[in-house]
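Novice: Could you have a look at this structure, given as structure tokens, before my questions?
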Amino acid sequence: MANKLINQLGLPKSIANIFAARNIITAKAALSLTEFELMELLDVGMTEVTFAMAHISEVVCPPCQTALLLMEQRVRNESLAGHLPTRLKGLDEALCGGIPFGVLTELVGPPGIGKTQFCLKLSLLASLPVNCGGLEGRVIYIDVESKFSSKRLIEIGTKSFPEIFHKKGMAQEMAGRIMILRPTSLSEFAESLHRIKVSLLQQQVKLLIIDSMAALVLGEHDSGASRQQALGWHVSFIKSLAEFSRIPIVLTNQVRSQIGDESLMYSFQARSHSTKEDTPVTFDSHLVAALGINWAHAVTIRLVLESKSGQRFIKLAKSPISPPLAFPFNITASGIVLLDDNGIEMKGPEINNIHCQGLSLRFLVIRSVECILSEHKNFFGKIKP
Amino acid sequence: MEIGMLPISASKRGKLLAAGYTTLHSIATTSITHLATDIEVSESEALEILNFATRNSALERSSGSNTNVIQVGGQTAWDMLNEERFSSSITTSCADLDNILGGGINCKEVTEIGGVPGIGKTQIGIQLAVNVQIPLDYGGLGGKAIYIDTEGSFMVERVLQIAEACIEDMSEYSHHFHKDNQAYGVKMHPNSILENIFYFRVCSYTEQIALVNYLDKFVTEHKDVKIIIIDSVTFHFRQDFEDMALRTRLLGEMSLKLMKLAKNFSLAVVMLNQVTTKHVEGSFQLTLALGDSWSHSCTNRIILYWNGDERHAYIDKSPSLKSASAPYSVTSRGIRNSTSSSKRIKMV
């Protein structure tokens, strides 16, 4: 929209020529200058600039809809008004039907907790025929750390949907709908995104999974600023992809440890805090989601997977449509299974905390080593999990 | 240079100076034909310049006389006080929050609300978009809302939930206060609430700027819009900019336009902002995004934060409200009072 050429916008010839003479060809270039700057640059009066900018703005500006129209469109055109059911009853209810279309859903948790298992199940669910509750579409699975296991996918399929998978050729058809891409760098990933955009247009792809976003970004840049810039661009692009194609996009994120107990405060909080007694500074490390606060703002739904006292939980840490609930779960042969469909409501910022207590140490070590080895594939050659 | 104040093109200004017109007075006292021949422009252009010059010099001459101030578009403080008495505000559905805000989010003002992810900014935005539609009979404004979504966090299911809860609350209210009058039932339907929210999805900063420019025309055509919510004003300006100075100028121009909209059409503008970390006095602190110059752009600034297990709102900046913080909660019905029984409003 913003890349429209000024001479195609229907402005009077005289002013359109002046824009062209000063090398302002696209609407974006015109809108990236303040009106005062334009007045100076184009050498015309304020009234002409205001008139021209009003005209350009009207053309570039996005169309107006009403919330009612949005809802009717979703109900009419999309399955379950725009949600992909996860078959986890409690979670689906909390999410008003399932993973929503058109927004980013993030899965964050320590290694080995079950993020990839969740993604495998979701890709299966999206490829199922519509009469079985799926989206009957293709899935693009971006597998950065080479964690995708087709054997495990078929196992989940046969255990969860035996009636479908035992039919001849169905397993092949389902698995055939899932396309796995393995970009090795952020730029390769960006290129594949551009290609994906084209196939999304043809309405074939119904789900995009990126496992994991953190591995893609953290491997590349050292300093904070350039990493944030690169991440920022990719986030915008993925969000606009989700929005314009109305498909669910699921991303996984890693955790990193943070030393000390100080949570960040605002300046007005710091003022009132300093008058109280100093609490002893602790040096326990705890886990936080990787990729920073900018990323945390950008995702629409954040599902935190953690392990507390040996029991795994999946928590709705950020969601505009759900209360802050935590559901205990286990991983079985048929994927993730909730132990209790009525979640536990969590108060306060506790829901954002990520615990990793009680996961079997041996299991954790194996998973962590796998993560490290997959990053250094070149060194160690082919890895067998 | 006085000539620099005239909103004319740079070359015309240059010609005026070259022909010897250095003050507005000198332009104002000359005739159109003289001006036209001196600076070699057409008579209509000379008339335009003359009009600008006389308007500006009238401003200079009459400083001190009240009646002339009104002629040139100013207002006395007494008139403004009377206006403010009748200016309206939009309730947030949380009585504590409304109290520290002096009744609610004020019309004719630009309010910025910022906080960490998940604190409830979008929830407040949606609640306000629904509450602006509360009919006059129930103490509301009976207006419509414009919701500008830059992040894609506007979920229609949630709007429906909040709209239904609002209608239920209204019918309960009318039930209590108009028990005798059966005909006072609420006639609103959640779908009509959804219909009165104009939704724009903005995908880049150029679209955002274009939209703010276009809003003048849009609100002129839809005079019953009483609130504009931008969720969030930050997102696109954080990703693409290498030239920070340009970003500051563009943001400044955008906020000026929004303030003009608020004043001219008597509506409320609510901007939702994200947070970032700032290194201050040896430690990292949270602060609202977009920089220090942006913090001057809004009339009121509210920061949402976690205080223990409760959500609080703190008035960080306001020309007329006292710095205070109030607890609120996000429920399935929308923003409501916090349920804890501890002391309510904390004066800071």
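Novice: Mind counting the residues in the range B:157-189 that are within 20 Å of B:I229 (Cα to Cα) and modelled with pLDDT under 90?
Specialist: As a first pass, look at the range B:157-189 and keep what is within 20 Å of B:I229 (Cα to Cα): B:157-163, B:166.
Within this subset, residues satisfying the condition of being modelled with pLDDT under 90 are B:157.
Of the residues in the range B:157-189, 1 are within 20 Å of B:I229 (Cα to Cα) and modelled with pLDDT under 90.
Novice: Output the residues belonging to the range A:120-134 that are farther than 25 Å from A:N253 by Cα and among the aliphatic types (A, V, I, L, M).
Specialist: A:L128, A:V130
Novice: For the range B:233-253, how many residues meet the condition of being more than 10 Å from every other protein chain (Cβ to nearest Cβ) and closer than 22 Å to A:A296 by Cα?
Specialist: Going through the range B:233-253 one residue at a time, the tally reaches 2.
Novice: Let me ask something else about it. Taking only the range A:15-43 into account, find how many residues are within 13 Å of another protein chain (Cβ to nearest Cβ), in a helix (DSSP H, G or I) and out of contact with any strand residue (DSSP E or B) (no Cβ under 9 Å at 6 or more places or on another chain).
Specialist: Step one: filter the range A:15-43 for residues within 13 Å of another protein chain (Cβ to nearest Cβ), giving A:15, A:18, A:22, A:24, A:26-43.
Among the residues that remain, those that are also in a helix (DSSP H, G or I) are: A:15, A:18, A:27-31, A:35-42.
Of the ones still in play, those that are also out of contact with any strand residue (DSSP E or B) (no Cβ under 9 Å at 6 or more places or on another chain) are A:15, A:18, A:28-31, A:35-42.
Residues flagged as within 13 Å of another protein chain (Cβ to nearest Cβ), in a helix (DSSP H, G or I) and out of contact with any strand residue (DSSP E or B) (no Cβ under 9 Å at 6 or more places or on another chain) within the range A:15-43 amount to 14.
Novice: Quick one: B:G143 ticks every box in (1) more than 26 Å from A:P323 (Cα to Cα); (2) modelled with pLDDT under 90 bar one, so which box is it?
Specialist: (2)
Novice: Which condition does A:S146 not pass, out of (1) at pLDDT 85 or above; (2) more than 18 Å from the chain's Cα centre (by Cα); (3) assigned to a helix (DSSP H, G or I), if it passes all the others?
Specialist: (3)
Novice: From the list A:F51, A:F101, A:F118, exactly one residue is under 29 Å from B:V225 (Cα atoms) and aromatic (F, W, Y). Which is it?
Specialist: A:F51
Novice: Please determine whether any residue of the range B:203-218 is within 18 Å of the chain's Cα centre (by Cα), more than 7 Å from chain A (Cβ to nearest Cβ), part of a strand (DSSP E or B) and modelled with pLDDT of 90 or more.
Specialist: no
Novice: Could you please find all residues in the range B:76-90 being surrounded by fewer than 22 Cβ atoms within 10 Å (Cβ to Cβ) and either touching a Gly at 6+ places or on another chain (Cβ under 8 Å) or in a helix (DSSP H, G or I) (or both)?
Specialist: Of everything in the range B:76-90, those that are surrounded by fewer than 22 Cβ atoms within 10 Å (Cβ to Cβ) and either touching a Gly at 6+ places or on another chain (Cβ under 8 Å) or in a helix (DSSP H, G or I) (or both) turn out to be B:A77, B:W78, B:D79, B:M80, B:L81, B:N82, B:E83, B:E84, B:R85, B:S89.
Novice: While we're looking at this one, here's another question. Check whether at least one residue in the range A:314-321 is out of contact with any Asp or Glu (no Cβ under 9 Å at 6 or more places or on another chain) and away from chain B (no Cβ under 14 Å), and report yes or no.
Specialist: Looking for residues that are out of contact with any Asp or Glu (no Cβ under 9 Å at 6 or more places or on another chain) and away from chain B (no Cβ under 14 Å), one finds none in the range A:314-321, hence no.
Novice: Only one of B:S192, B:S153 is at the interface with another protein chain (Cβ under 10 Å from one of its Cβ atoms), among the polar types (S, T, N, Q) and outside any helix (DSSP H, G or I). Can you tell me which?
Specialist: Only one candidate qualifies: B:S153.
Novice: Can I ask one more? Take the residues in the range B:273-291 that are aliphatic (A, V, I, L, M) and touching a residue at least 12 places away in the same chain (Cβ under 8 Å), then tell me which one is nearest to the other protein chains (Cβ to nearest Cβ).
Specialist: Of everything passing the filter in the range B:273-291, B:L286 is nearest to the other protein chains (Cβ to nearest Cβ).
Per-residue answers, yes or no, for (1) buried (at least 17 other Cβ atoms within 10 Å of the Cβ); (2) on the phi > 0 side of the Ramachandran plot; (3) in a loop (DSSP other than H, G, I, E, B):
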| residue | (1), (2), (3) |
| --- | --- |
| B:E253 | yes, no, no |
| B:K260 | no, no, no |
| B:V270 | yes, no, no |
| B:T277 | no, no, no |
| B:R311 | yes, no, no |
| B:S320 | no, no, yes |
| B:P327 | yes, no, no |
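Novice: Could you check the range A:51-83 and list, in sequence order, the residues that are small (G, A, S), more than 7 Å from every other protein chain (Cβ to nearest Cβ) and either in contact with a Pro (Cβ under 7 Å, 6 or more places away or on another chain) or under 21 Å from B:T150 (Cα atoms) (or both)?
Specialist: Within the range A:51-83, the first condition is being small (G, A, S), and the residues that meet it are A:52, A:54, A:57, A:67, A:79, A:81-82.
Right, trim to more than 7 Å from every other protein chain (Cβ to nearest Cβ) and you get A:52, A:79, A:81-82.
If the condition is that a residue be small (G, A, S), more than 7 Å from every other protein chain (Cβ to nearest Cβ) and either in contact with a Pro (Cβ under 7 Å, 6 or more places away or on another chain) or under 21 Å from B:T150 (Cα atoms) (or both), then A:G82 is the only one that fits.
The values are calculated or read from the model by the stated rules, or taken from the named source; none is laboratory data. Just so we're clear, the structure is a prediction, and the values are computed from it rather than from any experiment. Heads up, the Cβs are rebuilt from the backbone with ideal geometry, glycines too, and the neighbour counts pull from every protein chain shown.
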